[in-house]
Amino acid sequence: MQNQPALNDPDYEWHPRRVAFPRVGLLIDRNGVRTGVIWPGRYLVRKSRTFSKWIYRQPSAVRQL
């Protein structure tokens, strides 16, 4: 049996991050998660419990980084 990640691990919480160089990664939006190009800019990032990869999303207009 594999060890499950701790639910209170800070990697699984959204936190701000700036991307300086384009990269391929997982993007999340209202339609779900997809693989795409992460362009330079500001994103909210957290680690996926399912894929064990970083998931990026655009910050909402209400909450500024």
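The values are calculated or read from the model by the stated rules, or taken from the named source; none is laboratory data. Remember, predicted model here, so these are calculated numbers, not experimental data. In this analysis, Cβ positions are derived from the backbone assuming ideal geometry, glycine residues included, and neighbour counts consider all displayed protein chains.
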Practice task
Could you check, for the stretch 1-14, whether at least one of its residues is within 11 Å of the chain's Cα centre (by Cα) and at pLDDT 95 or above?
Solution key: no
Practice task
Working only within the stretch 19-33, note down all residues that are exposed (fewer than 10 other Cβ atoms within 10 Å of the Cβ) and not polar (S, T, N, Q).
Solution key: Ala20, Phe21, Val24, Arg30, Gly32
Problem - Yes/no for Ala20 being of a type in the set (A, V, I, L, M, F, W, C) and modelled with pLDDT under 90 - result: no
Problem - Any pair with Cβ under 6 angstrom, 6 or more apart, that starts in the stretch 10-27 at a residue that is aromatic (Phe, Trp, Tyr) and ends at one that is part of a helix (DSSP H, G or I) and modelled with pLDDT under 95 - result: none
Practice task
Mind counting the residues in the stretch 26-48 that are more than 16 Å from Pro59 (Cα to Cα) and more than 9 Å from the chain's Cα centre (by Cα)?
Solution key: 4
